[in-house]
Every structure is written in structure tokens, then in C-alpha cells.
Amino acid sequence: MKAIGSTWKDPNDWWLPPTLEPVPWPEGRVTASRVGSYANYRYWPELLSSGVLPRGKMLAVVKARLSGGGQFLGMTRFMDHFDDWPLAEYLEGLWRLGLRLDYR
């Protein structure tokens, strides 16, 4: 949580980087860069399913994924294609949040 707090100063921003080192924001959408795609594909879903984040941070991650273009019609976006390998991790987070309609 300390690391997330030091890198994600404003939870209203959609970019939560997957490293402590400064990483440039993906231009326009999360999948515009390899680092952004990785964050959307692995880091964010695994954060949601881990149960370590408080509810407010979990909701901010879901919002970041949606507002940063991390999915389309429920499908996970990675670079220029879809890949739902991490779907179970993301759904676990939605279930924990009680977002049943989004889960469905």
C-alpha cells in the first residue's frame, strides 16, 4: 500500500503504474504502451483478486481500467488485441466489490 500510495498520488487518474520507478503514462489509453498493457493485463487484475487493497483503491483500479481503455465489452485489451487469460483475476475483484452486474 505504501508503494501504491507513493506512485499513484491521485486515484482520479487512471494510470496506476506497475513499478516504483517513474514510468511515462501511456499516451491516450492504457494499451498504448507495453508497460501500460502489462499493467492492465496482469498487475491490475492481480491486485484486485489479491484482497490486499482497501475498497476505495479497488474501485479506483476498476475505474482506471475502464477509463483508460483497458477493456472492450468485457474483454481485456493487451496492445492491439484481446486476451482474457486474466479474466478470473479481474472477476474475483468485481465479486469482492459487490459489482454483480459488471461481473455478469
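The values are calculated or read from the model by the stated rules, or taken from the named source; none is laboratory data. Everything quoted here is computed from the prediction, not taken from an experiment. Every residue, glycine as well, gets a Cβ built from its backbone with ideal geometry; the counts of neighbours run over all protein chains shown. What goes into the accessible areas is simple: the full protein's heavy atoms, side chains included, and nothing from ligands, DNA or RNA. Shrake-Rupley method; radii C 1.70, N 1.55, O 1.52, S 1.80 Å.
Here are the numbers:
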| read-out | value |
| --- | --- |
| Residues of the chain: accessible area per residue with a 1.4 Å probe, Å² | 58 Å² |
| At R0 = 22 Å, FRET efficiency that the Cβ-Cβ distance of Leu66 and Thr19 yields, to 0.05 | 0.50 |
| Qualifying GluC sites (Glu not before Pro) for the stretch 6-104 [loop in DSSP, other Cβ within 10 Å: at most 11] | Glu27 |
| Chain lengthening between Ala3 and Ser33 when straightened (0.36 nm per residue, less Cα-Cα) | 8.6 nm |
| GNM top mover of Val61, Val52, Val30 - the chain, alpha-carbon springs below 10 Å | Val52 |
| Global form of the chain, assessed from the alpha-carbon gyration tensor, a/c cut-off 1.5 | oblate |
